[in-house]
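Chemist: Let me begin by handing over the structure; questions about it come next.
The values are calculated or read from the model by the stated rules, or taken from the named source; none is laboratory data. Computed from a predicted structure; not experimentally measured. Cβ placement follows ideal geometry from the backbone for every residue including glycine, while neighbour counts extend to all protein chains displayed. The accessibility values were calculated without ligands, DNA or RNA, using every heavy atom of the protein model including side chains. Shrake-Rupley method; radii C 1.70, N 1.55, O 1.52, S 1.80 Å.
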4 protein chains.
Amino acid sequence: MKKVAVIGASGYSGEELVRLLLNHPQIELAAVTSRQFAGQTVAQVFPKFASHPRARALRFTEPNAELLAKQAGIVFLALPHGVAAEFAVPLIQSGCIVIDLSADFRLRNGEVYREFYGHEHPAPELLGKSVYGLPEVYRAQIRDAMLIASPGCYPTSILLPMLPLLRAKLIHPNSIIADSLSGVSGAGRKAEADYLFCECNESVRPYAVPKHRHLSEIEEQLSLVAEQRVVIQFTPHLIPVNRGILTTLYVAPAEQFPDAQAAGVWAGKVSACYQAAYASEPFVRLLEGRELPDTKNVVGTNVLELAWRVDARTGRLVVMSAEDNLVKGASGQAVQSMNILCGFPETAGLI
Amino acid sequence: MKKVAVIGASGYSGEELVRLLLNHPQIELAAVTSRQFAGQTVAQVFPKFASHPRARALRFTEPNAELLAKQAGIVFLALPHGVAAEFAVPLIQSGCIVIDLSADFRLRNGEVYREFYGHEHPAPELLGKSVYGLPEVYRAQIRDAMLIASPGCYPTSILLPMLPLLRAKLIHPNSIIADSLSGVSGAGRKAEADYLFCECNESVRPYAVPKHRHLSEIEEQLSLVAEQRVVIQFTPHLIPVNRGILTTLYVAPAEQFPDAQAAGVWAGKVSACYQAAYASEPFVRLLEGRELPDTKNVVGTNVLELAWRVDARTGRLVVMSAEDNLVKGASGQAVQSMNILCGFPETAGLI
Amino acid sequence: MKKVAVIGASGYSGEELVRLLLNHPQIELAAVTSRQFAGQTVAQVFPKFASHPRARALRFTEPNAELLAKQAGIVFLALPHGVAAEFAVPLIQSGCIVIDLSADFRLRNGEVYREFYGHEHPAPELLGKSVYGLPEVYRAQIRDAMLIASPGCYPTSILLPMLPLLRAKLIHPNSIIADSLSGVSGAGRKAEADYLFCECNESVRPYAVPKHRHLSEIEEQLSLVAEQRVVIQFTPHLIPVNRGILTTLYVAPAEQFPDAQAAGVWAGKVSACYQAAYASEPFVRLLEGRELPDTKNVVGTNVLELAWRVDARTGRLVVMSAEDNLVKGASGQAVQSMNILCGFPETAGLI
Amino acid sequence: MKKVAVIGASGYSGEELVRLLLNHPQIELAAVTSRQFAGQTVAQVFPKFASHPRARALRFTEPNAELLAKQAGIVFLALPHGVAAEFAVPLIQSGCIVIDLSADFRLRNGEVYREFYGHEHPAPELLGKSVYGLPEVYRAQIRDAMLIASPGCYPTSILLPMLPLLRAKLIHPNSIIADSLSGVSGAGRKAEADYLFCECNESVRPYAVPKHRHLSEIEEQLSLVAEQRVVIQFTPHLIPVNRGILTTLYVAPAEQFPDAQAAGVWAGKVSACYQAAYASEPFVRLLEGRELPDTKNVVGTNVLELAWRVDARTGRLVVMSAEDNLVKGASGQAVQSMNILCGFPETAGLI
C-alpha cells in the first residue's frame, strides 16, 4: 500500500479527493491537513464518510511539509494558487512526488502566470519541471513525473475535445469558441454573498467575460499541439447545480466545405479522429447516434462525455462535453495521474 | 375597458398571460378556454390567483371561436402550432384582432414552415398578413395589425441583441453563434419523463442540435434586416430553473480590427448603436460598467437585459441577453403588443 | 399620496417591501436607507426593479431618523433586532408611525425578550405600546397604532391556523406541535458558509431544535388567546427553495372522541370555526375538498393557504399552512397593516 | 462469486440496485430484466455506469422467472406491488432466494394489505413466510430467509428511531407523530405532471394526508415490538431534492416528567437505549453534541443519521433521522440483507 497525503483537504475538491483516496484499493491515506480542522477526524469534518473506518481514525493535522514528507511518498496539494507552490518546493526537495490541483504549475511561462494571476510566480525554477496531468495526452510523461500539475475543470472540458482535432489539423486553431456552464462547487466553499443559495438558485449568469484565468493554460496547451499561437473565445456561466460542467464548442473546419457532400466526408474524418484518440480511453465516452451529453450522466464519475455534430448549413462543427468538475475536472483526474505514475491499473479506485 | 379572451390558457404561457391580463388596468379578461378545465374557475385551476376577484368569478369554457368573437374584441391564442391557425381564421373573419403566441404566423414562407414544423401550413392565406410582434422593431406595424404573431422565447433573446448591429452593418451576418440556456418551463406542462424533476435537477444538457425549430423565424427576421440570406448557429440547452433564458452570442465585426485601438473605436460604435436602438425602450435594459445579465434580475418582468464586450484578443464581440421566457419571451411581449395596438401606454400592466 | 420610508432596505425582506411599495397605488416611497448602498439608486441595487421610474430616481441614503421623520409619515424598519428599537424611539417621538419588521416590539415582556434574544430590551418603555401586526386578529388595534410589530414568518404560519381553534376552545392548548419548513431566504442575505448554494441544495435539515427564538412570540400570542400559559413544540427545517414556509401542525382536540361519529361532529366544528374566522378574509385561503397547501401557490402573494384533516384513527387534527415567508410572513403583512391604519382598501397593492 | 439477478431494473431504485451490485466485490450481476429496455445493455440504459465493463456487457432481457431461476441463486424484485408477488411465487418454487423491494410481502396480514393497497393479496400463502428485511432488527431471521421483504423508505426512517425506545418501554406507543420530507425520486420515474420539474421546484407540499400506504407496515412493525396495537400519525411531504428523507418524530415519554431533573434522567435513558441499540451498527450514525441530521450527509450512502433532543419545556422527545430513500430506504438495505444471508461482511459493497 502506497502512502499518500492531502494538504488542504477542506474545500470541495479536497473533500472529493479524500473520498476517492479512502476507497482506493492500492493506497493508504496517511495524512490530511487543514488549518481550520486540525485535531478533528475526517469523519467529523465530512459526515458523509462517517461509516468508513479510516475516516474515523484519521485526524486532520496542521500542514507541515517536513513531517508530511516522512509520512507519505505522494502528496496532493488542494490549496489556493500561490500557496501551493510554497509547499511544493520543500516536498520535492524531500523526495516526495507532488500532485498539485492548483494552477501554480500548469503554465510553462512565468510571465503568463503573472498576467493572469496577478503576482510573481512563487517558484519559477519548478515551472519547466512539471507535467500537465492530462493522462489522455501526457500519459508517458506522467509515468516519470516528480511534479504533476493537474488541469483545471474548464480546461479539461475544452482540451479533451479540441486537442485531437488540432493535432490532426482538421480545424482552424483560432476559430475555437468555448461556451461553458459550471455548477456552483466550482467557486469553492467560500462564504461570499454571490454564492448564497438564494443568489444562485433560479439564476443563470455569465462571469469573467471575456478573460477568465483558465484561458492561460487552455491556450498554452492548444498552442503546443497546434504548433502555433492559439487564441480562443471562452465564456463561463454559473448555473444552479452543485456539480458538473457542460461545454459547447464551436469551431470552423480547417478548410471550408464546398458542398454538403464534402461536409459529410469531413464529418467522417472528425469521427475517425475521435475514435482513434479515445475509443480505448477508459474515461472518455464518445456518444453515438442521437445521444447528447448530460452532466447528470457523469456526476460522481471520472468520465468525460463527448458528442459532436457537423452542421452543413453553417459549415461549423459543434462539439459538446460533460464532466464532473470535481472528479474528471479535479480530483479524479489527479488520482488517474497517480495511478499511472504508481503503475496501478489506470481505473483503480475510479470505477 | 377593452374585452379580451385567451384560448388555451392551461399551459405555462397561458397561465402567465392570465396573470398579466387579470392585473391589467385597461382591459377586462372576458373569457378563457381550456378543454381540460372547462367549467372550473380560473382561481380553481390556478390557485396562485385565488385572491383575485375576477379569477374567482371567471370560468373556463370549451373553445368556440364564434362565441368568443362575440365576447371579446381581442383574442390571444396560447395553443400548439397547427391548432392555433385553425382558430385564427374564423376569429379574424369575425372581426377579432388575434394575438397568436404559437409559431403559426411567425414565418412569411409556407415552405420554410413545412420544413421546420413537418406539416403543411394550415392557413397559408394569412401568412403574408401577420405582423411579427416584436415591438422594439415593428411598433408601427403592430398599431394597425389584425393578426400578430408574437415571437418565440429564444428568437426574442437573439433578435433584440442582433438586429441593431445587423441594421448598422457593424457585424458579419453569417458569423452569428447563439448559445442559449433555457429554464424547463420552456418545454411546457407536458407529462414527459424527460422533464421530470429528477431528470432535470442536477442536470444540464444541450438538445435539438444543430437544427432547432426556432431557427426558422430567427433567420427570417435576421435576413430581412440584413437584406441578405442569414444562416446562424444556435444551440439550446436545458438548465434546472423554472424560468429564464440566458443567451450568449458570438459575432465577428464586419471588418477585422487591425489593432487594439481600432477595436476600441469599433466598441464605441457598438455602444452607440445599442444606445440609439434601446436607450429609450422601456423593456430593454442596457447594462453599464462591469454588470452582466442574470436571469434572476428579469424573472417575472418584461425586461430583456443586454450587455456586450469587445474582445480585442480574439477580434470578436460577445453579447449576452437575459429574459423571462414566459414574459418577454411570450406573454408579456404579447401584452406589450396589445398595449400598442390599443393605444394604451406601452408599459400598462407590465411594470 | 402618503409618504413612506424604509430603513434598512438591503436584505431580502427589505427588497420585497420596496417592491410592494413601488407598486402601491396610494403611497409614495419617499426614502430608502442602507449604509452599504447609500448613494446608489434603488434600480442599481435591485436590477429587478430597473424598469420602474421611481426605482431609477430614488437613491439610498444613510439612515438618519431625524431627516426621515421630515420626509415620511410612516417608516418601515427592516433592521436586525436590537438595532430596530434604536430607530423606533426617535421616529415615534417625532410623530412618525413606525412599522417594525424585526422582533423588537413583538413581545410584551422584556424578560422573555432577554431570555430569547440574549440582551436587554433597548426600549422597554415602548414594549406595552406596540400592536402585534397580525391583521386577521388585531385589525381594530392596528387602525390606531403608533408602533406596529409585524409578526415573524414562522409565527404567522402557526398563529393563523391555531388562534381560532384556541379561541373556540376546540383544541388542547398544550398539545400543539408545529413542524415548519422554510426556504433559505429566511436566513437573510448573510455571507455564511451554511447558506451557500452547495450546502443547501440537495439538502434538508432541522435547526435550532428545540428552542427557536420565534417560540417567544408564538407562545405569547397563543397564551393571550387561550387565556392560559401555552407551551408548544416547534421544529424549523431548512429546505432548498428560495421562498416559502410550509407548516404542519398536530393538535389534540379539547376532548377525546369516543367514536368515529363524534370525530365527524368535531370535524364539522373545526370547519365551521375556520369558516367563521377566515371565509371573508382576503388573504387566508381555506382549501376545500382534497386540495392541500403548496408553497408554489402562494409565493409572491400575501395569501396563507390553510387545510386540515381530522384523523379518526389517531384522534388528532392535522392542520397545514403555506405562505411566502417574505410576503405574508414579512413585508406583505406589514403593507397590509399599513393599508388598515391609513384607511386604504386592505388589499391595495397586494393583489 | 454468487450470481444474482434484478427483475424490473428500470426505475430509480432498480438503477441504484444495479449500481450497488455492479460494484459489489462478492457477487456477479448475472441478469437484469426490463420489458421497456430488453435488448439494450445496462451501459446504454444508464449512461452513468458506462465505464463499468460489466455494464457494457450485460443486456436487459424480458422478465422470465423460469430462466432467471437458472441464471441466479438470488433474485431482487424491483417491481410495483401486486406484480412482484407474481414473480416471487415461481422463483421461490424454483429454489431461488427472493429479495423483494415492493410492499407485497411486508405485511403479515392479508386484510391490512387489501385495506391499504386496494386489491386482494396475490400470494397470501407466502405472507407468513417472509422476513421483514430490516437488518438492525431482524438480522438473525434474515440469515435463513427464503423471502425477504425489504422495508419501504419512510418506514425505515421511522422504525429505526422508534423501535428501540418502544422495546425499552421508554415512550408512549400511541403518542408517535412522524413528519417526513422526501425527495422526488420517491415518486418513481413515472411521467406524471405532478412530478414535472416546474411543479416540484420551488414547491413544498404535504400529500396522502392522513393515511399513506406505508402506515400499514410501520404500524405492524411498531405493534410487534410494543406488544400492543400501535397507531401513529404520519405526514409525508414532497420537497425539491432528488434524494433523501428527513423524518422528525415527536413522542411522549411513557411517564410524564415531574421536573427538569427527571427530564434529564430520562434523557440519559434515551441516550443509553440508542447507544445499546446502534453504537456498533455500521449503518446507523448516532449524532453527538450539537449536530443534527442533514440529508446531504447520507445521500449515496447506506447510513441513517439519528439525533434526539429531550425538550424539558414541553415534556416531549424530538427524534430526527436522515437517510437516502434509494439506498438505506431501498436498494442499499436490500444489499445489506443479501450480505447477511450470504455470510458476506455486512458492509460489503456498501462503504
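Chemist: Would you mind listing the distances between the B:Gln256 label point and the same position in each other copy? Use 7 Å along Cα-to-C-beta, nm, one decimal, shortest first.
Modeler: 1.4, 9.0, 9.1
Chemist: Please state the charge dipole magnitude for segment A:273-315, taken about the Cα centre, from unit charges on C-beta atoms (+1 on K and R, -1 on D and E), reported in debye and rounded to the nearest 20.
Modeler: 120
Chemist: Please report the antiparallel percentage of DSSP beta bridges with both residues in segment B:1-88, rounded to the nearest 5.
Modeler: 10
Chemist: Which length gain, in nm to one decimal place, applies between B:Ala254 and B:Glu125 when the Cα-Cα distance is subtracted from 0.36 nm times their residue separation?
Modeler: Result: 42.7 nm gained on full extension.
Chemist: Quick one: ranking D:Arg139, B:Arg143 by accessible area, 1.4 Å probe, largest first, what do you get?
Modeler: Descending accessible area places them as B:Arg143, D:Arg139.
Chemist: Can you list the residues, at least 5 places off or on another chain, whose amide H is less than 5 Å from the amide H of C:Ile171, using H built in the peptide plane?
Modeler: The answer is C:Ala254.
Chemist: From the label point of B:Pro122, set 7 Å along Cα to the beta carbon, how far off in nm is each other copy's matching point, shortest first?
Modeler: 4.2, 6.4, 6.7
Chemist: Taking each residue in A:311-318, count the Cβ atoms of any other chain within 10 Å of its Cβ, then average. What number comes out?
Modeler: Per-residue shielding by partner chains comes out at 5.
Chemist: Rounded to two decimal places and with Rh computed the Kirkwood way over Cα pairs, what is Rg over Rh for chain C?
Modeler: Rounded to two decimals, Rg/Rh equals 0.97.
Chemist: Could I ask something else about it? For C:Met1, what accessible area in Å² do you get when you roll a 1.4 Å probe over the heavy atoms of the protein chains, rounding to the nearest 10?
Modeler: 150
Chemist: Also, I was wondering about something else. For labels at C:Arg35 and D:Ser94 in the simple 7 Å Cα→Cβ model, what's the distance in nm?
Modeler: Distance between label points: 7.5 nm.
Chemist: Can you tell which of D:Gly315, D:Val284, D:Gly343 lies farthest toward the positive end of the dipole of segment D:275-351, using +1 and -1 charges on the Cβ of basic and acidic side chains (Lys, Arg; Asp, Glu)?
Modeler: Checked the options; the winner is D:Gly315.
Chemist: With just the Cα atoms defining each centre, how far is segment A:297-351 from segment C:254-272? Give it in Å.
Modeler: Computed from Cα coordinates, the inter-centre distance equals 63 Å.
Chemist: Enter the mean number of other protein chain beta carbons within 10 Å of the beta carbon of each residue in A:204-217, as an integer.
Modeler: Mean number of neighbouring Cβ atoms from other chains: 5.
Chemist: Continuing with this model, one more query. Which whole-number percentage describes the relative contact order of segment A:86-244, with Cα contacts under 8 Å and a sequence gap of 6 or more?
Modeler: Worked out over segment A:86-244, it gives 24 percent.
Chemist: Only Lys, Arg, Asp and Glu count, each charged at its Cβ (+1, +1, -1, -1), so figure out the dipole size of chain C about its Cα centre, rounded to 20 debye.
Modeler: 580
Chemist: Counting other Cβ atoms within 10 Å of each Cβ, which trypsin sites (Lys or Arg not before Pro) in segment C:36-80 have at most 10 and sit in a DSSP loop?
Modeler: none
Chemist: Further, regarding this structure: At a Cα cut-off below 14 Å, give the aspartates and glutamates reachable from D:Lys169, other chains included and same-chain residues fewer than 8 away excluded.
Modeler: Qualifying aspartates and glutamates at Cα under 14 Å: D:Glu227, D:Glu255.
Chemist: Could you pull out the GluC sites (Glu not before Pro) across segment A:255-351 that fall in loop regions by DSSP (anything but H, G, I, E, B) with no more than 14 other Cβ atoms inside 10 Å?
Modeler: A:Glu255, A:Glu288, A:Glu291
Chemist: For B:Pro345, go 7 angstrom from Cα along the Cα-to-Cβ vector, then report the distances to that same point in the other copies in nm, smallest first.
Modeler: The answer, with the shortest distance listed first, is 1.8, 7.2, 7.3 nm.
Chemist: Next up: HN-Hα J couplings of segment C:49-62 from phi, Karplus 6.51/-1.76/1.60, θ = phi - 60°, integer Hz, Gly and Pro as x?
Modeler: Result, rounded to whole Hz: 9, 5, 8, 8, x, 5, 5, 7, 8, 7, 10, 5, 10, 5.
Chemist: Residue by residue through segment A:31-47, what is 3J(HN,Hα) from phi via Karplus (6.51 cos²θ - 1.76 cosθ + 1.60, θ = phi - 60°)? Round to whole Hz and write x for glycine and proline.
Modeler: Karplus values, whole Hz, x for Gly and Pro: 7, 10, 10, 6, 4, 5, 10, 3, x, 8, 7, 4, 5, 6, 6, 10, x.
Chemist: With springs only between Cα atoms under 10 Å, which of A:Pro47, A:Pro151, A:Pro164 fluctuates most in a Gaussian network model of chain A?
Modeler: Of A:Pro47, A:Pro151, A:Pro164, the Gaussian network model singles out A:Pro47 as fluctuating most.
Chemist: Sticking with this structure for a sec: Determine the alpha carbon to alpha carbon distance for each of B:Lys211/C:Lys296; B:Lys2/B:Lys190; A:Lys211/A:Lys296; B:Lys129/B:Lys328; B:Lys296/C:Lys190; D:Lys48/D:Lys129 and list only those over 25 Å.
Modeler: B:Lys211/C:Lys296; B:Lys2/B:Lys190; A:Lys211/A:Lys296; D:Lys48/D:Lys129, as the Cα separations exceed 25 Å there.
Chemist: Okay, moving on. How many Å² of accessible surface get buried when C and D come together, counting both sides, probe radius 1.4 Å, rounded to the nearest 100?
Modeler: Chain pair C/D: roughly 3900 Å² of buried accessible area.
Chemist: What is the spin-label model distance, in nm, from C:Arg56 to D:Arg290 if the labels are put 7 Å beyond Cα along the C-beta direction?
Modeler: 4.9
Chemist: Report relative contact order for chain A in percent, whole number only (criteria: Cα-Cα under 8 Å, sequence separation at least 6).
Modeler: Result for chain A is 17 percent.
Chemist: What does the accessible area per residue of chain C come to in Å², with a 1.4 Å probe and no ligands, DNA or RNA counted?
Modeler: That works out to 34 Å² per residue.
Chemist: Something else: Could you tell me how far the Cα centroid of segment A:129-173 sits from the Cα centroid of segment D:17-42, in Å?
Modeler: 34
Chemist: Cα-based Rg (one decimal) and Dmax (whole number) for segment B:1-59, in Å?
Modeler: According to the Cα coordinates of segment B:1-59, Rg and Dmax are 10.2, 29 Å.
Chemist: Dipole of the protein assembly as shown, Cα-centred, from +1 at each Lys and Arg C-beta and -1 at each Asp and Glu C-beta, to the nearest 20 debye?
Modeler: 0
Chemist: Going by Cα centres, segment C:111-125 and segment A:61-108 are how many Å apart?
Modeler: Segment C:111-125 and segment A:61-108 have Cα centres spaced 52 Å from each other.
Chemist: Could I ask something else about it? With label points built 7 Å along Cα→Cβ from the Cα atoms of A:Glu192 and D:Ala193, find their separation and express it in nm.
Modeler: So the two model labels end up 4.3 nm from each other.
Chemist: To continue, here is another question. Using helices alone, I'd like the mean residue ellipticity at 222 nm for chain B: each DSSP H run of four-plus residues gives -39500 (n - 2.57), total over residue count, nearest 500.
Modeler: -9500 deg cm²/dmol
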